[in-house]
Amino acid sequence: MNDGWTHHGKVRACEANGELTLEVDGLTTQAKYYKPLIYEFFRKVWRGSRPAWGEFEVDIVMDYVGEPPWMDLDNLAKALLDAIKGYAFHDDAQVARLLVERRSGERERIIIVVRKRDTDVLRRTLEG
């Protein structure tokens, strides 16, 4: 059965409604662990969209169970942005909005959602 997700080890991803969603099972306090894990996923199995130009929005959520892990969210975000660079976008300088959140969850995982920024909607909202 094809649920729309591409799986490889602890990483899975899908594309829907203009968003790329990645999930990484498990947590570690070593942010550098994620870069090779996600890079290997993209290199070996991902056949979805290719990097694009323009501005992007990225949401990163770390779900934990029990006590929150001792990890700086800024270090986690940097490692994850480096891991998806070249696959979701060409350079992490294209990220115009970044939300990083730690929350209690039912299982330990990291969720990354990448979407192209709709600058037309943003401009119309600001012009009021």
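Of the listed requirements (1) under 16 Å from Ala13 (Cβ atoms); (2) of a type outside the set (Phe, Trp, Tyr); (3) over 11 Å from the mean Cα position of the chain (by Cα), Pro69 misses just one: (1).
Pairing each residue of the range 61-74 that is under 15 Å from Arg109 (Cβ atoms) with any residue that is small (Gly, Ala, Ser), provided the two are 6+ apart or on different chains, yields C-beta distances under 6 Å for Asp63/Gly105.
Can you work out which of the residues in the range 53-68 that are within 15 Å of Leu81 (Cβ to Cβ) and of a type in the set (A, V, I, L, M) is surrounded by the most Cβ atoms within 10 Å (Cβ to Cβ)? Checking each candidate, the answer is Val58.
The residue list Ala83, Ala96, Ala77 contains one member that is small (Gly, Ala, Ser), touching a Leu at 6+ places or on another chain (Cβ under 7 Å) and either crowded, with 16+ Cβ neighbours inside 10 Å or in contact (Cβ under 8 Å) with a residue 24 or more places away in the chain (or both), which is Ala77. Candidates are the residues of the range 15-31 that are exposed (fewer than 15 other Cβ atoms within 10 Å of the Cβ) and touching a strand residue (DSSP E or B) at 6+ places or on another chain (Cβ under 8 Å); the one that is farthest from Arg107 (Cα to Cα) is Gly18.
Values quoted throughout were computed directly from the atomic coordinates according to the rules given, and no laboratory measurement underlies them. As the structure is a computational prediction, the values presented were derived from the model and not from experiment. Methodologically, a virtual Cβ is constructed for each residue, glycine included, from the backbone with ideal geometry; neighbour enumeration extends over all protein chains shown.
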